[in-house]
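The values are calculated or read from the model by the stated rules, or taken from the named source; none is laboratory data. Only a predicted model underlies this, so the values are computations on that prediction, with no experimental measurement involved. Here Cβ is always computed from backbone atoms with ideal geometry, including for glycine, and neighbour counts include all displayed protein chains.
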Amino acid sequence: MASDAGPGSGGPAAAQGALFELPEELAIDTDVARRVMVGFIRNQLHQAGFGRALIGLSGGIDSALVAFLVAEAIGPEELLCVMMPYKTSSAESVRDARLVVEKLGCQSETVEITRIVDGYFGDGDVPGDGGKSARGASQLRRGNFMARARMCVLYDRSVPWSGLVVGTGNKTEALIGYTTLFGDSACAFNPIGDLYKSQVRQVAAAIGVPEAIIRKAPSADLWPGQTDEVEAGFTYPELDRLLFWMIDKRRSDEELIVMGFNEAAIARVKRLVAVSEFKRQVPPVAKLGPRTTGVDYLYPRRRPGSARR
């Protein structure tokens, strides 16, 4: 069912140098997807009354693809890429992020988050403001804090830049909850949120994201040696296939088993999707009055009086 995809293909990908593995059923027309996402970016900014955007650029494929899409939509001069390494961030991530900036010719800033994080958790024998509980924090807890620290920086930078924060999370991560609430999931809008990771790779190859970024193992770079696939226990191609047939095509467990999917994997992924539902929804509001925001007081983002220019 899988093929090795190469760069530049507008339709279903064929084997061209084994740049990445693309399951056949996930292949999309990248030209159409690109036009839709670029138009979406322009429309979202226009509706909110903004002409500029900014993203957190990690050196990974998701944020690299979004940077390319935003630069195409509004011009690189209106895009600010903010790099926010921690002291343990890999040199490769920083290098790849700079490679994207150089290729696009967009504005960029580097803001170290080390003192923000260590100021809370502590550093070596120096205690942090988070107290005794923070000193013994797990890697996951520290990683979530880093993701939220980065978003604090990004939203602060959005003020002098006068731009909207663009999301960089993909559909695979959103469905299984592999995202930090109010961290990497926070944004004004997300152009790649309906692309599975395998499809992100396909569009990235077509749009010209550097090959080194497409080839490397996906990682949130939250601690040394961390990779998405090792942490999740799945490769993205197999996880994407299962999610595609389970979510998009609504196949039952029995049908998925007949298709060759492992019963234990089906159960695990279904649970991941179910327990992370709260991450995908706007916080519910208890309805008390006649018009409640988010329930029956709803307007388009662009309404009379919202223009900023």
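List of remarks:
- Count - residues of segment 257-296 that are out of contact with any strand residue (DSSP E or B) (no Cβ under 7 Å at 6 or more places or on another chain), among the charged types (D, E, K, R) and assigned to a loop (DSSP other than H, G, I, E, B): 2
- Residue match in segment 94-107 (condition: under 19 Å from the mean Cα position of the chain (by Cα), under 22 Å from residue 186 (Cβ atoms), outside any loop (DSSP other than H, G, I, E, B) and modelled with pLDDT under 95): no
- In segment 108-125, residue nearest to the chain's Cα centre (by Cα) [restricted to those that are over 18 Å from residue 154 (Cβ atoms) and not aromatic (Phe, Trp, Tyr)]: 118
- The single condition among (1) surrounded by fewer than 22 Cβ atoms within 10 Å (Cβ to Cβ); (2) over 26 Å from residue 246 (Cβ atoms) that residue 163 does not satisfy is (1).
- Hey, residue 128 more than 30 Å from residue 38 (Cα to Cα) and in a helix (DSSP H, G or I) or not: no
- Residue ID - nearest to residue 193 (Cα to Cα), chosen from residues in segment 275-290 that are among the β-branched types (Val, Ile, Thr) and under 23 Å from the mean Cα position of the chain (by Cα): 282
- Taking the conditions (1) outside any helix (DSSP H, G or I); (2) out of contact with any helix residue (DSSP H, G or I) (no Cβ under 9 Å at 6 or more places or on another chain); (3) over 23 Å from residue 193 (Cβ atoms) in turn, residue 254 satisfies each one other than (1).
- Any hit, segment 186-199, residues being part of a helix (DSSP H, G or I), closer than 20 Å to residue 23 by Cβ and modelled with pLDDT under 95: no
- Among the residues listed as 128, 122, the single one being touching a Phe, Trp or Tyr at 6+ places or on another chain (Cβ under 7 Å) and over 23 Å from residue 274 (Cβ atoms): 128
- For segment 30-61, taking the residues that are surrounded by 18 or more Cβ atoms within 10 Å (Cβ to Cβ) and touching a Gly at 6+ places or on another chain (Cβ under 7 Å), the one that is nearest to residue 195 (Cα to Cα) is identified as 30.
- Pick from segment 204-220, criterion over 15 Å from residue 100 (Cβ atoms) and of a type outside the set (Ser, Thr, Tyr), ranking: modelled with the lowest pLDDT: 220
- Number of positions in segment 252-274 that are charged (D, E, K, R) and more than 26 Å from the chain's Cα centre (by Cα): 4
- Within segment 258-301, tally of residues that are in contact (Cβ under 8 Å) with a residue 40 or more places away in the chain, surrounded by 10 or more Cβ atoms within 10 Å (Cβ to Cβ) and not hydrophobic (A, V, I, L, M, F, W, C): 4
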